[in-house]
Amino acid sequence: MLSAGDPSQPPPPPLQHYLEQPVERVQKYQALLKELIRNKARNRQNCALLEQAYAVVSALPQRAENKLHVSLMENYPGTLEALGEPIRQGHFIVWEGAPGARMPWKGHNRHVFLFRNHLVICKPRRDSRTDTFSYVFRNMMKLSSIDLNDQVEGDDRAFEVWHEREDSVRKYLLQARTVIIKHSWVKEISGIQQRLALPVWRPPEFEEELADCTAELGETVKLACRVTGTPKPTVSWYKDGKPVEVDPHHILIEDPDGSCTLILDNLTGVDSGQYMCFAASAAGSASTLGKILVQVPPRFVNKVRASPFVEGEDAQLTCTIEGAPHPQIRWYKDGALLTAGNKYQMLSEPRSGLLVLVVRAAGKDDLGHYECELVNRLGSTRGGGELYMQSPVLPAREQRHREQTVAAVEVTEQATKVPKKTVIM
């Protein structure tokens with residue numbers, strides 16, 4: 001900071017100088033934007049963004065003045081920030097009374113504030129000792145609870161506000177300084193009321209989501225959720241990415257409160273999968289997922305297959321299975337149970353259902369009939385095939401024929417338990 005006693009430095013500018021600087025900058029921005037808009041218009045170029053910028057800059061002084069007047073409000077029963085940014089403020093002569101009653105001859109000086117949801121009336125007050133002004137809060141009205149009458153007999157500068165409260169109705173007559181000011185206030189209030197009357201769009205939202213469930217063959221399952229949103233969303237169902245078709249096996253129900261239900265009757269194994277309820281409207285979209293696992297007896301999707309091997313190398317028997325719950329797996333050679341160890345390696349991939357039996361360093365002693373047994377609480381099954389060595393002199397066609405013949409040998413012994421039909425809610 002400059003020392004006041006330093007004669008070699010110019011004196012600091014007065015406070016008014018700093019107060020005028022923001023206003024001067026705004027005026028410079030306005031002039032610059034106006035010139036840019038004029039030049040673009042001459043060249044027939046789009047100047048929409050510049051016009052928006054000019055409107056924002058031009059509104060800054062008025063916004064600043066509105067906020068200044070709001071800051072002078074006293075005795076407001078709440079936080080002024082909750083009212084939001086003021087849209088308009090100005091001086092009116094106001095008469096107040098009950099509908100049908102004769103209005104007093106003389107009105108009162110009032111300062112009126114218009115916010116996005118409220119109309120606030122204050123009494124101006126001047127403090128003669130400090131020569132300052134303030135506004136004492138008198139009344140507040142929700143814009144959604146008032147009716148306007150812009151035609152007042154005998155006074156084209158006035159308009160009426162009818163305020164409906166819980167126990168009564170009050171009438172206010174507001175007289176503006178000019179007809180133009182009156183029409184601008186009426187237009188602004190009417191526009192806000194129209195926007196408030198429009199339905200507020202809300203994107204779809206699942207207040208209750210789908211849940212995973214496990215069921216058995218023949219049972220009935222109900223997948224339920226609840227979605228809300230404005231406008232009311234359209235609901236679609238999908239299984240593993242494909243639309244669910246309405247038929248006697250798939251029953252779709254929608255309730256007015258947004259509850260959505262998919263009922264699957266008499267479950268089969270193909271009903272296992274991931275289900276999605278998808279809700280969409282002009283306001284957006286949302287989805288919820290749920291899995292159904294239908295418990296089924298184990299079965300071979302691809303039969304046990306033994307690949308021919310060269311003596312001394314590893315031999316493999318493979319198959320693909322399914323079953324829920326995942327079955328216990330046992331391998332046999334010529335009826336004898338095999339155990340995993342140095343000689344035998346047993347691999348299982350539950351997601352794909354692939355099973356592999358690896359015979360280490362296979363030789364003639366490993367030839368024979370191998371079986372795979374699958375067991376869960378709903379049933380059991382067995383399948384097998386012959387393991388043989390590859391003959392180097394055997395023609396390729398005969399070799400393939402032998403492989404197919406041996407791979408086709410399967411022994412099946414399945415006892416399926418059929419559960420009683422129940423309903424899962």
task: Could you please tell me which pairs satisfy a Cβ distance under 6 Å, a separation of 6+ or placement on different chains, a first residue in segment 252-281 that is within 17 Å of Ala211 (Cα to Cα), and a second residue that is among the aromatic types (Phe, Trp, Tyr) and surrounded by fewer than 17 Cβ atoms within 10 Å (Cβ to Cβ)?
output: Met276/Tyr238
- request: Would you check if Glu322 is among the acidic types (Asp, Glu) and either modelled with pLDDT of 95 or more or closer than 22 Å to Ser352 by Cβ (or both)?
  value: yes
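Might you check whether a residue that is charged (D, E, K, R), under 30 Å from Ser281 (Cα atoms) and either surrounded by fewer than 15 Cβ atoms within 10 Å (Cβ to Cβ) or assigned by TED's automatic domain parsing to the domain that holds Pro325 (or both) occurs anywhere in segment 149-159? Outline the logic, then answer.
Applying the first criterion (charged (D, E, K, R)) to segment 149-159 yields 150, 153, 155-157.
From the residues that got through so far, the ones that are under 30 Å from Ser281 (Cα atoms) too are none.
Scanning segment 149-159 turns up no residue that is charged (D, E, K, R), under 30 Å from Ser281 (Cα atoms) and either surrounded by fewer than 15 Cβ atoms within 10 Å (Cβ to Cβ) or assigned by TED's automatic domain parsing to the domain that holds Pro325 (or both).
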- request: Would you please name the residue that is nearest to the chain's Cα centre (by Cα), looking only at residues in segment 350-368 that are part of a strand (DSSP E or B) and touching a residue at least 40 places away in the same chain (Cβ under 8 Å)?
  value: Val356
- line: Tyr344 vs (1) surrounded by fewer than 20 Cβ atoms within 10 Å (Cβ to Cβ); (2) aromatic (Phe, Trp, Tyr); (3) in the same structural domain as Glu208 (by TED's automatic domain parsing): all pass except (3)
query: For segment 296-327, which residues satisfy the criterion of being buried (at least 17 other Cβ atoms within 10 Å of the Cβ) and within 30 Å of Glu219 (Cβ to Cβ)?
result: Val296, Pro297, Pro298, Arg299, Phe300, Lys303, Cys319, Ile321, Glu322, Gly323, Ala324, Pro327
message: Can you report the number of residues in segment 102-153 which are outside any strand (DSSP E or B) and free of Cβ contacts under 8 Å to residues at least 12 places away in the same chain?
response: 10
- prompt: What number of residues within segment 223-265 are assigned to a strand (DSSP E or B), charged (D, E, K, R) and within 25 Å of Pro298 (Cα to Cα)?
  reply: 1
field: Test result for Phe113, within 43 Å of the chain's Cα centre (by Cα), of a type in the set (Phe, Trp, Tyr) and closer than 24 Å to Leu198 by Cβ
entry: yes
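Is there a residue in segment 274-290 that is in contact with a Ser or Thr (Cβ under 6 Å, 6 or more places away or on another chain) and outside any strand (DSSP E or B)?
If we filter segment 274-290 for residues that are in contact with a Ser or Thr (Cβ under 6 Å, 6 or more places away or on another chain), which is where we start, we get 276-278, 280.
Now restrict to residues that are outside any strand (DSSP E or B): none.
So far as segment 274-290 goes, no, none of its residues is in contact with a Ser or Thr (Cβ under 6 Å, 6 or more places away or on another chain) and outside any strand (DSSP E or B).
Restricting attention to segment 311-328, does a residue exist that is outside the structural domain of Glu216 (by TED's automatic domain parsing), part of a loop (DSSP other than H, G, I, E, B) and hydrophobic (A, V, I, L, M, F, W, C)? First the steps, then the outcome.
So in segment 311-328, the residues outside the structural domain of Glu216 (by TED's automatic domain parsing) come out as 311-328.
From what's left, part of a loop (DSSP other than H, G, I, E, B): 311-314, 325-327.
Checking which are hydrophobic (A, V, I, L, M, F, W, C) leaves us with none.
No, segment 311-328 has no match at all.
The values are calculated or read from the model by the stated rules, or taken from the named source; none is laboratory data. In this text, all values refer to a predicted model and were calculated from it rather than measured experimentally. Positions of Cβ are backbone-derived with ideal geometry, glycine not excepted, and every protein chain shown enters the neighbour counts.
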